[in-house]
Amino acid sequence: MTLSKWRGRDDVLHAALDRNRIDRETLEALLESMRDSFPSFRSYLKSKAKKLGKEKLPWWDLFAPVGEIDLKYTWKETADYIVEQFNRFSNELGDFARTAFDNRWIDAEPRDGKRGGAFCMGVPGVEESRILANFDGSFDQLTTLAHELGHGFHNYCQKGLPMLRRGAPMTLAETASIFCETIVFNAALETAPENAQLAILENQLMGATQVIVDIYSRYIFESEVIKRREKSELSADEFCEIIIDAQKQTYGDGLDENYLHPYMWLLKPHYYYAEAHFYNYPYAFGLLFGLGMYAVYQREGESFIPRYKELLRNTGEGKVADLAARFDIDVKSVDFWKGSLAIIEDRVNKYIAL
Ligand SMILES: [Zn+2]
């Protein structure tokens, strides 16, 4: 807070907005659309409780699995499936994935001593990307690979640019990855048997609830803590009280209010980055911006592809709103964000119906 003042910032949020290259109007539009989507997420949570045979969902069941997925893929099936689905979007994307598989850009097998998870890094010197994954043949790994290949395609779109004009702020870094994940996710959902459909949707909605509902609760928590901290230090009890209140405002009657999580602020490292206040909301921005691109693609079809690639090429430059405006996308309008959330709401409706 003191630093913010010394640096001439309006408030603590100011620096977070600059770092993510967005303005208050854009953030407000994003937050408003998130708030409007809470009823839909709450009906998902209520339906999940019912499917698990409970009256109301306690916090610890947020991550409980629902449905069964016994889809298994060999490495070759995975590669072929991803390339096939990417080709339905554009041959250039399909070819890119094929190149990555054929030239062994992906360290796929789990090994002793190898770190878990997955990531993609660009190797600008040779204009290629490398991906680390832990492939186990699951559906989850299939979408993870699609996600990481999306990052690779983003790098590919920035080929030839000087280093200073490459990259993306945190708000745009997930655009291509979410987009590619959505391509594969939607395709798989169409053909999966019913019980697998339920598990696929559950998995997706579980994640989306974190990124939209939980992230909003973090935003409320962060705002309140900063407001109170101006006056005095806060006790652990106060942190707990603030976070419970934030969870009630966001999860609402979607969760059993007797079993919320008072210590989330203690559990997540995301609350502690001293140099990055309001570290959480860019995740929501990233997911919804990527889905928003997909919504535009669904509306406009193939004619959107050159604009999309050009946008990916330019994510290293300028402010997000200006960049998006060049491609006829208005991130300051609530309607843009609602288009993204409509994709998630559609999944919620499918989930409830199963
Ligand atoms: Zn990613």
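Please find the FRET efficiency linking K56 to T191, where r is the Cβ-Cβ separation and R0 is fixed at 35 Å, and quote it to the nearest 0.05.
It comes out at approximately 0.55.
Ignoring ligands, DNA and RNA, what percent of the accessible area of the chain is carbon or sulfur (1.4 Å)?
50
What percent of all Cα-Cα pairs in the chain falls in each 20 Å bin, counting up from 0?
P(r) for the chain, in whole percents per bin: 28, 59, 13, 0.
How big is region 65-131 along each principal axis, measuring the range of its Cα positions in Å and listing the largest first?
43, 36, 20
How high is the relative contact order of the chain? Use alpha-carbon pairs under 8 Å, at least six apart in sequence, and give a whole percent.
Relative contact order of the chain: 27 percent.
Taking the Cα centroid of region 307-334 and of region 226-246, what is the distance between the two, rounded to the nearest whole Å?
Their Cα centres are 37 Å away from one another.
Mind ranking 247-259, 171-183 by how tightly packed they are, going by the mean number of other C-beta atoms within 10 angstrom, highest first?
Peptide ranking by packing, descending: 171-183, 247-259.
Could you tell me which GluC sites (Glu not before Pro) in region 1-73 are loop residues by DSSP with no more than 15 other beta carbons within 10 angstrom of their beta carbon?
E55, E68
Sorted from largest down, give the three principal axis spans of the alpha carbons of region 75-191, whole angstrom values.
41, 37, 28
What are the residues whose amide H is under 5 Å from the amide H of E128, where those residues sit 5 or more places off or on another chain and H is modelled from the backbone?
Residues meeting the amide H criterion: V123.
With each run of n ≥ 4 DSSP H residues scored as -39500 (n - 2.57), what mean residue ellipticity at 222 nm is computed for the chain after dividing by its residue count and rounding to the nearest 500 deg cm²/dmol?
After summing the helix terms and dividing by the residues of the chain, the value is -19000 deg cm²/dmol.
At 1.4 Å probe size, with every protein chain present, just tell me what the per residue accessible area of the chain comes to in Å².
With the other protein chains kept in place, the chain gives 47 Å² per residue.
Go through 303-312, 33-42 and give me the packing order, highest mean Cβ count within 10 Å leading.
33-42, 303-312
Roughly how many whole Å is it from the C-alpha centroid of region 186-212 to that of region 4-28?
35
The values are calculated or read from the model by the stated rules, or taken from the named source; none is laboratory data. Since the model is a prediction, treat every value here as computed from it, not as a measurement. Counting neighbours? That spans all protein chains shown, and the Cβs are built from the backbone with ideal geometry, glycine included. Keep in mind that these areas ignore ligands, DNA and RNA; they rest on the heavy atoms of the full protein, side chains included. Shrake-Rupley method; radii C 1.70, N 1.55, O 1.52, S 1.80 Å.
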